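Written below as structure tokens is the structure these notes are about.
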Amino acid sequence: MTPPPLPPAPDAKIAMGWMHTARFLTTAAQLHHLPPIDVPEIAFVGRSNAGKSTCINTLTQQKQLAFASKKPGRTQHINLFALGKQGVTDAVLADLPGYGYAAVSRTDKQRWQQVMVNYLVSRTSLTGIVLLCDPRLGLTELDEALLEVVRPRVEEGLKFLILLTKADKLTRAEQAKVLSITRLNAGGGEVKMFSALKKQGVDEAAQLLWQWSHPVPAAAEDSEQNQPPALDG
């Protein structure tokens with residue numbers, strides 16, 4: 001299956017303005033409690049301390065949209081946020097529970113990992129995944145397990161982005177090194193540095209998410225391809 005082509009990247013102000021429209025839609029403890037979605041859905045996943053909530057709040061320019069718990073690993077729900085001007089939803093962000101936190105019981109960990117796997121494998125509206133990763137740790141065993149789970153869907157056209165958060169804690173040379181290493185293991189996904197503190201990579205991430213959510217309609221693509229050749233005048 002060939003994914004629809006991406007439109008040109010919008011101006012950063014347009015993309016950031018669009019991200020700022022994010023508002024709480026619903027929350028669910030189980031996959032079957034989530035409402036069906038008929039617009040592109042983009043999931044944010046990552047280890048409990050990878051800066052996922054901070055990333056969502058920075059992209060949407062809202063301090064408390066995503067709940068950043070003082071105790072990582074305590075957010076045990078899938079939270080959905082609608083994007084689009086008032087009265088219109090043209091995309092949905094899904095904030096999935098962080099994984100890998102030691103203080104959570106083994107039973108809870110296994111239950112949530114299963115919910116997350118089921119979501120990533122079977123959620124039909126899922127269009128793209130943003131994996132948050134602390135570049136000082138690199139891709140962990142759990143991150144790599146997640147990459148394996150989604151690989152078949154990525155091969156079918158699911159969009160995939162790894163954001164290396166907390167980039168401000170690395171030198172430029174360290175950033176370049178971790179970027180090249182992560183790209184080798186990204187399984188076809190894109191990799192970008194991201195810093196909420198320095199606003200590094202924020203505009204670029206917002207522009208990419210906008211592109212994911214506004215694919216070129218098949219009819220428009222076909223009409224372009226079927227245009228007769230221009231006559232030389």
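Computed from the coordinates by the stated procedures, all read-outs in this text should not be read as laboratory data. Nothing here was measured: the structure is a model prediction, and the numbers come from that model. Heads up, the Cβs are rebuilt from the backbone with ideal geometry, glycines too, and the neighbour counts pull from every protein chain shown.
Side notes on the structure shown:
- Scan of segment 153-197 for residues that are of a type in the set (K, R) and either in contact with a Lys or Arg (Cβ under 9 Å, 6 or more places away or on another chain) or part of a strand (DSSP E or B) (or both), ordered by number: K159, K166, K169, K192
- Test: residue in segment 143-152 that is among the acidic types (D, E), outside any strand (DSSP E or B) and without any contact (Cβ under 8 Å) to a residue 40 or more places away in the chain: yes
- Wholly within segment 78-137, strands (runs of 3 or more DSSP E) carrying at least 1 residues that are charged (D, E, K, R) and under 19 Å from T54 (Cα atoms): 91-95
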